[in-house]
1. List every residue pair whose Cβ atoms sit under 7 Å apart, with the two residues 6 or more apart in sequence or on different chains, where the first one lies in region B:214-234 and is without any contact (Cβ under 8 Å) to a residue 24 or more places away in the chain and the second, anywhere, is open to solvent by less than 10 Å² (accessible area, probe 1.4 Å) and part of a loop (DSSP other than H, G, I, E, B).
2. Within region B:305-325, can you find the residues that are assigned to a strand (DSSP E or B), touching a Leu at 6+ places or on another chain (Cβ under 6 Å) and not aliphatic (A, V, I, L, M)?
3. Just to be sure, is A:Ser276 modelled with pLDDT of 95 or more and touching a Ser or Thr at 6+ places or on another chain (Cβ under 6 Å)?
4. Quick one: is B:Gly96 under 25 Å from B:Trp264 (Cα atoms), touching a residue at least 24 places away in the same chain (Cβ under 8 Å) and within 12 Å of chain A (Cβ to nearest Cβ)?
5. Keeping to region B:259-276, report how many residues are in contact with an Asp or Glu (Cβ under 8 Å, 6 or more places away or on another chain) and over 17 Å from A:Asp242 (Cβ atoms).
6. Which number in (1) more than 17 Å from the chain's Cα centre (by Cα); (2) under 27 Å from A:Ser287 (Cα atoms) marks the one condition that B:Tyr251 misses?
7. When residues of region B:56-70 are filtered for being over 15 Å from the mean Cα position of the chain (by Cα) and among the small types (Gly, Ala, Ser), how many remain?
8. Here are some conditions: (1) more than 10 Å from chain B (Cβ to nearest Cβ); (2) in contact (Cβ under 8 Å) with a residue 24 or more places away in the chain. A:Ser302 meets all but one. Which one does it not meet?
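The values are calculated or read from the model by the stated rules, or taken from the named source; none is laboratory data. Keep in mind that this is a model prediction, so the values were computed, not measured. Here the Cβ positions follow ideal geometry from the backbone for every residue, glycine too, while neighbour counts run over all protein chains shown. Surface areas here come from the heavy atoms of the whole protein model, side chains and all, with no ligands, DNA or RNA. Shrake-Rupley method; radii C 1.70, N 1.55, O 1.52, S 1.80 Å.
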2 protein chains.
Amino acid sequence: MKFLSLIFLGFVFNSVLAQSGVQQNRIRPVLVIHGGAGTILKKNMSPEKEKAYMQGLEDALRKGYAILEGGGSSLDAVEAVVKELEDNPLFNAGKGAVFTNEGKIELDAAIMNGKNLAAGAVAGITTVKNPITAARAVMEKSEHVMMIGKGAEKFAEQQGLTIVDPSYFYTEERWKSLQKIKRDDSLKMDTDKKNKTGLKQSENKDHKYGTVGAVALDKQGNLAAATSTGGMTNKKFGRVGDVPIIGAGTYANNTTCAISCTGWGEFFIRLVMAKSISDMMEFGKMSLQNAANEMVMKRLPSMQGDGGLIAVDKNGNIAMPFCTEGMYRGFIDKNGKMEIKIYKELY
Amino acid sequence: MKFLSLIFLGFVFNSVLAQSGVQQNRIRPVLVIHGGAGTILKKNMSPEKEKAYMQGLEDALRKGYAILEGGGSSLDAVEAVVKELEDNPLFNAGKGAVFTNEGKIELDAAIMNGKNLAAGAVAGITTVKNPITAARAVMEKSEHVMMIGKGAEKFAEQQGLTIVDPSYFYTEERWKSLQKIKRDDSLKMDTDKKNKTGLKQSENKDHKYGTVGAVALDKQGNLAAATSTGGMTNKKFGRVGDVPIIGAGTYANNTTCAISCTGWGEFFIRLVMAKSISDMMEFGKMSLQNAANEMVMKRLPSMQGDGGLIAVDKNGNIAMPFCTEGMYRGFIDKNGKMEIKIYKELY
């Protein structure tokens, strides 16, 4: 009888182990990242520049995925990715961010944890090396969700984050972009006066829409999203875009999906882009792909806005719609397959 | 034959007139306003103070409704209401707003037009007499949606808005509240160390959650929402709450409803409160009342947050749920009936 009991106990124990094993194995991590959407055309890109962008995206993907593979949290993964892209001067976030009309660099970032809807955001900061880390500190070390300007900088400093002189963020290319846009704008005003057609803003748009972001699903089934940006070149009056607005440019919810946006921020705010997609899934029972397409490929262009986003749902499905010419993007999906792309694909 | 034609033409003309008349008469304007939610208990209120609050709400309601009755836009009505409440030192917005930890007054406001999803918001401004007017200027006179800090102030000044010395917003009562909360907080920290229970924060909460807002449906069937606040007493580090976050504290969409929130802003941001309700209606086919109750009476308290909101849908239905002890609120409904209330009602 004792022997039989032991066999029975062993059976129960094994089946519990097996079940939890199945449970753990079932969730394969997923990571999706972006480096901004805009008028990115192959004809305007040198092979060297293209390679540098691809490499930058790959490095960030591998860094974030290593965390997920090691059993780390989606929150840690998206923060690590965005930090890497902030440090890369090619992308419009952290070092290499675009300049405001006044020749300053004002940074915005947000992070959200899909597990408990915790969120943190900073806007208009000029001295914190990694704005995404400041956003995470706001989420985890304060009772607030959003801090702006000098106050946010003071908080980041108190939290022991790396503080830099604003000149750290400077790159010559972005400075030239500002000068060019200012010239174009004054030229455009002259042209507008003459024939009301204006200049083509293709090059401006490219820079206007720079943003970096990441979304991830970890082995525990938790979703997270992170986004960081320097905003629009030549922005004025303390303008803040969609990036630090929870529900607009950044959102994560274990019930549905995690989303990070890039595009003409004003339209993303007015559409409350990310939350709309999550809600189409939660209340309208739509798939991630259908919901994302409805918002990015229909509602956004119908308002004359443009841009794109990356998203992953709780089952590891990926969506990366954009209605611009290109979007720097990459993913490692639930089968471990990595893809990195820049241009529009014709289906 | 000519005579018959004339009769026929007259008939057509009359029926067109009648139809447009019916159309115009069918939409009766609705206005709902709030002056903040919190621990507002009758036992803590003097009859004089209660009367002053009721009068303040009534004055604002009448001012806004006169605009709607005269065929004015919901946008004009909600701006006028919020301006009136900003000028009234009883409410935590504009004059009489609460103080930050540093003894400053930093104001946030947002406005949204349900007709075209246009929106404007300002955060952390200290010199514009009526922040709601600054938000409207951002919406209508700039290509941006959100401006913060000094930049927003500079824009408001350029737009010719009334600029005041920050001392204009000062009231003795709010200054005393800050001192009391600072005392309580240090006392609370001492108490926490001893018995971990802490002080009752009822009086703090009352001030913490102050906000003013208005939502309206006009005769043209357009919805609009406006919200303005001084934020939380003793707030630190450039904290921004839900008020200027489109989709969180302020949202309007002719397809669904217009909403203005008041409460513990951090939770309203994390829940993307207003847009969630709109989306439950749009994608989940829920009624305004059911959607608002689901968010305010279930999801908000389940996260340990609290507060309330006012809402009107495209058919003129009103919802005013709150999970606090009270909410300063009032409406004039589609039958022209006015009601003003402060405390919780037991059903």
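1. Within 7 Å, no pair qualifies.
2. Selection gives B:Asp313 alone.
3. Numbers: modelled with pLDDT of 95 or more: yes; touching a Ser or Thr at 6+ places or on another chain (Cβ under 6 Å): no.
Spelling it out, it is not the case that A:Ser276 is modelled with pLDDT of 95 or more and touching a Ser or Thr at 6+ places or on another chain (Cβ under 6 Å).
4. On the way: under 25 Å from B:Trp264 (Cα atoms): yes; touching a residue at least 24 places away in the same chain (Cβ under 8 Å): yes; within 12 Å of chain A (Cβ to nearest Cβ): no.
No: the conditions fail for B:Gly96.
5. Here is the first cut: in region B:259-276, the residues in contact with an Asp or Glu (Cβ under 8 Å, 6 or more places away or on another chain) are B:261, B:263-269, B:273, B:275-276.
Checking the rest, the ones that are also over 17 Å from A:Asp242 (Cβ atoms) come to B:261, B:263-268, B:273, B:276.
So the answer is 9.
6. Checking B:Tyr251 against (1) more than 17 Å from the chain's Cα centre (by Cα); (2) under 27 Å from A:Ser287 (Cα atoms), the one that fails is (1).
7. Number satisfying all stated conditions: 2.
8. Going through the list (1) more than 10 Å from chain B (Cβ to nearest Cβ); (2) in contact (Cβ under 8 Å) with a residue 24 or more places away in the chain, A:Ser302 breaks only (2).
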